[in-house]
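The values are calculated or read from the model by the stated rules, or taken from the named source; none is laboratory data. These numbers were taken from a predicted model, which means no experiment stands behind them. We place every Cβ from the backbone using ideal geometry, glycine too, and count neighbours over all the protein chains shown. SASA here: full protein model, heavy atoms, side chains in, ligands and nucleic acids out. Shrake-Rupley method; radii C 1.70, N 1.55, O 1.52, S 1.80 Å.
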Amino acid sequence: YRQNEESYIVNLANEIKEKELSESFIHKKADYNFIECDTSLVVGAISDIVKIATTKGYTEKDIQVLAPMYKTINGIDNLNIILQSIFNPKDDKKKELAVGNVIYRENDKILQLVNDPDNNVYNGDIGYIKSIDINSKKEPIVVEYDNNEVGYKRENFNQITHAYAISIHKSQGSEFMHVIMPITKGYSRMLYNKLLYTGVSRAKKSLVLLGDKDAFIKCVNNSYSLVRKTNLKLKIMNNLKINTQNNK
C-alpha cells in the first residue's frame, strides 16, 4: 500500500513472500537496483551512494539504511559511524558528547530503543538531537521526536542509538522514502524470508540492495529464523523421570 501500483518494489516483495524469485531482480528498474559487490566493498559502496544522493539534495530524512545485524564490518554500528560522518560531520559549531565508543552530536538522527510512555516516546521512534549540554547533571542530551522533546539522563543513554542505519526488526511498522539494504553472507544466521520481506517492503519510492546475489537468493528461500538449539527440554524431562522413579 505504501508504493504506487507500477512499483517494482511491490513485485519483488510478492516474489519474496511467495518464494518465486524471477531473474528480474538483478536488473535495474526506475525505483530499484541490485548492486553486486564483494563483502569488503559494501560499506564503501553505501558511502558512495549516499554521497551522490546528498549532492542531489537528499538528506538523512529521505534515506534509511537497513541491516539485520549490529556487529561485523557491515553491521549497523559501523554503518552508523560512516553515515554520521557524511550526514552530520564534526563541526565546531555543533556540541558533541562521547558515550563509550559512540559520539553523539547535535542534529544526529536518533532511534529510541525502549517504550517510554511517560515521555510519549516508543521503541522504534526516530528523532533528532536538539541540544547537548555536557555540563548538565540532569539531562545532557535532548532529542526532538515530532515536536516532542525528550531529555535523557546519563543512566538512560542506553535507551537511544544512532538511526542513520537501523535494524530491519526496528523498522517494522515504518516506511521510508528511499531504502538501502546490504545483503552479505556475513549476515547468514540472520538471513531469512520474513526478515527480507519486511526490509524490502519498507521502501516507498526506491530500494537499493547491494552485496551478494547468492546470499539474497538463499535468504528468499530460507523460511526459518535463527533457531536456538538447546537440550533444556530433554534435561527437564529426564529430571522429572528420575524424581518420579525415586518417589516410587
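Observations, loosely collected:
- At 1.002 mPa s and 20 °C, Stokes diffusion of the stretch 92-238 via Kirkwood alpha-carbon radius, µm² per second: 120
- Counting only Cα atoms, the stretch 50-96 measures 31, 27, 15 Å along its principal axes, largest extent leading.
- Each part gets one Cα centre, and for the stretch 1-74 versus the stretch 136-190 those centres are 19 Å apart.
- Extending 7 Å from the Cα toward the beta-carbon at both Asn11 and Glu36 defines two label points whose distance is 2.0 nm.
- q = 0.13, 0.21 Å⁻¹: log10 I(q)/I(0) that the Debye formula gives for the stretch 1-122, counting C-alpha atoms only: -0.75, -1.37
- With a Cα cut-off of under 30 Å and a minimum spacing of 8 residues unless on different chains, the lysine pairs in the stretch 1-58 number 8.
- Cα→Cβ-extended label distance, 7 Å offset, between Glu23 and Lys130, nm: 5.5
- Over the stretch 58-146, the ratio between the Cα radius of gyration and 2.2 N^0.38 Å evaluates to 1.12.
- Exposed loop sites were defined as GluC sites (Glu not before Pro) in DSSP loop states (anything but H, G, I, E or B) carrying at most 14 other C-beta atoms within 10 Å; in the chain the longest segment without such a site runs 21-248.
- Of all accessible heavy-atom area on the chain, the percent that carbon and sulfur account for (1.4 Å): 49
- Across all Cα atoms of the stretch 24-63, the radius of gyration (one decimal) and Dmax (whole number) stand at 11.7, 30 Å.
- Asp118-Met237 FRET efficiency (beta carbon distance; Förster radius 45 Å; 0.05 resolution): 0.55
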